[in-house]
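The block underneath contains the structure these notes are about, expressed in structure tokens.
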Amino acid sequence: MKFWWLSWKDLLLVARDKKAFLTLILMPLLLIAILGSAFGNMMKEDEEITIKKFTLGVVNLDQGQLSKVLTDEVFSKSLSKQIQVKYYQEDELYRKIKDHKLTVGIVIEKDFTQSLMTGKGTKVKLLSVPDTVIHTTIVQNVIEQFSRTIPIEAVASQMAQPVQGGNPSGAIQEGYGKKPLLKETTIDAKTKPVSSFQYYAAAMGVMFLLMTVVQGVSTMILEKEQDVFQRLLLTNLTYPNYLFGKMLGLIIICLTQAFIIIAGTRLIFGVDWGPSISGIAIMTLAFVVNASGLGVLAGSFIKTEQAFNVAGMFGTQIMAALGGSMVPLYVFPDWVVFVTKFLPNGLALQTYLDLMSGAAFTKILPAIGGSIGLGLLFFAIGLIRLSLERRGKYA
């Protein structure tokens with residue numbers, strides 16, 4: 001346990017550095033405030049204006065008159081320029097959405113027509129993949145508008161079987177619009193849209209955490225250049241202990257920064273990070289381990305602190321752009337969103353967005369396991385690489 005004092009030394013150095021405090025704490029909050037305010041309405045406007053044609057998967061369990069009007073007349077004919085309707089079995093629809101072969105689908109329950117006729121509201125399950133707000137919003141609005149405006153008396157008079165129980169029009173008019181018109185469920189429990197402040201709080205948070213990792217690894221390389229590392233080894237500090245100590249200190253610094261960013265955005269801007277506090281905390285730890293391991297791995301291949309600073313900051317900007325910190329993820333194609341999950345910041349940002357949308361802790365376990373596993377793998381490779389380099393140098 002000789003590496004504890006080395007971690008403590010790094011923490012004290014950062015705490016005494018006013019420039020580091022401004023960079024790590026105040027800059028993220030300032031950028032979140034600027035971006036959240038500047039782009040507050042842009043995401044909503046894009047969702048209303050940019051409508052590209054997409055495929056809607058439909059499972060019709062009702063087989064009633066109104067469900068056929070909704071699917072055949074409204075979606076297939078009236079919205080043929082925006083939506084292409086394909087029919088599936090229920091199990092097949094769930095599988096295609098889970099595999100991202102479809103972005104959105106609906107399951108019309110068997111009592112859809114009867115519920116709408118009696119004023120109980122529609123019974124439709126809306127299924128979507130994560131980070132697909134536009135298509136989900138379009139389909140939801142269409143169903144709600146259909147439920148409010150369809151002339152039920154005219155359709156009912158054309159149905160083969162008469163409606164029992166007297167005049168239903170009174171019940172329809174009385175119950176219309178008072179009960180939920182849409183029961184929405186998703187494959188990844190995405191139940192709430194993410195606001196611009198929520199998005200940029202997570203996006204700027206992961207980007208600045210990457211920058212902190214770069215600074216921490218740069219300090220480690222600088223110590224090697226200035227022979228500080230060699231003097232530390234005179235204290236009987238082993239090489240693995242040195243790396244563990246530096247990585248532990250870096251993880252603690254990053255976790256402190258993340259806590260201040262999350263708490264600060266919650267208190268100052270009212271950002272809702274989701275109901276799962278444990279999910280946010282553990283995902284943050286997993287992301288920090290992943291990013292720190294990647295930093296150690298990158299640092300093992302670069303000899304000088306100046307070169308690593310340039311490469312690290314350049315790489316951070318590229319990863320931030322690809323991972324969604326600069327441009328919202330929803331403008332990227334689905335395959336790009338999937339590929340960015342292999343980046344520490346891309347995976348963390350998408351997981352934060354899922355948690356903000358209401359995802360349960362169990363849904364993000366694969367992301368947590370993947371982040372920690374990749375971080376430990378990166379660190380192990382970096383440790384082996386540096387150990388071999390040291391042996392060759394001092395053999």
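For region 55-123, which fully contained helices (runs of 4 or more DSSP H) count at least 2 residues that are open to solvent by 30 Å² or more (accessible area, probe 1.4 Å), under 30 Å from V336 (Cα atoms) and modelled with pLDDT of 85 or more?
Details: elements: 65-68, 90-98, 112-117.
Answer list for region 55-123: 90-98.
Return the residue satisfying two criteria in turn: it lies in region 287-304 and is buried (at least 20 other Cβ atoms within 10 Å of the Cβ) and not aliphatic (A, V, I, L, M), and of such residues it is farthest from P28 (Cα to Cα).
Initial filter on region 287-304 (buried (at least 20 other Cβ atoms within 10 Å of the Cβ)): 287-297, 299-300.
Next, only the ones that are not aliphatic (A, V, I, L, M) stay: 287, 290, 292-293, 295, 299-300.
Values: F287: 17, N290: 20, S292: 19, G293: 23, G295: 20, G299: 25, S300: 28 Å.
The extreme case among them is S300.
Name the residues in region 243-280 that are part of a helix (DSSP H, G or I), among the small types (G, A, S), touching a Leu at 6+ places or on another chain (Cβ under 7 Å) and farther than 23 Å from A33 by Cβ, would you?
Correct list: G245, G249, G279.
Quick one: V337 ticks every box in (1) over 29 Å from S218 (Cα atoms); (2) in contact with a Ser or Thr (Cβ under 9 Å, 6 or more places away or on another chain) except a single one, so which number is it?
Here V337 meets the rest and fails (2).
In the set V331, V337, which member is open to solvent by less than 60 Å² (accessible area, probe 1.4 Å), of a type in the set (A, V, I, L, M, F, W, C) and over 21 Å from F208 (Cβ atoms)?
From the options V331, V337, the qualifying one is V337.
Just for helices (runs of 4 or more DSSP H) wholly inside region 291-365: which have at least 1 residues that are under 30 Å from R385 (Cα atoms) and without any contact (Cβ under 8 Å) to a residue 24 or more places away in the chain?
305-323, 334-339
The values are calculated or read from the model by the stated rules, or taken from the named source; none is laboratory data. Nothing here was measured: the structure is a model prediction, and the numbers come from that model. All Cβ positions, glycine included, derive from the backbone under ideal geometry; neighbour counts span all protein chains shown. Calculation scope for accessible area: heavy atoms of the full protein, side chains included, ligands and nucleic acids excluded. Shrake-Rupley method; radii C 1.70, N 1.55, O 1.52, S 1.80 Å.
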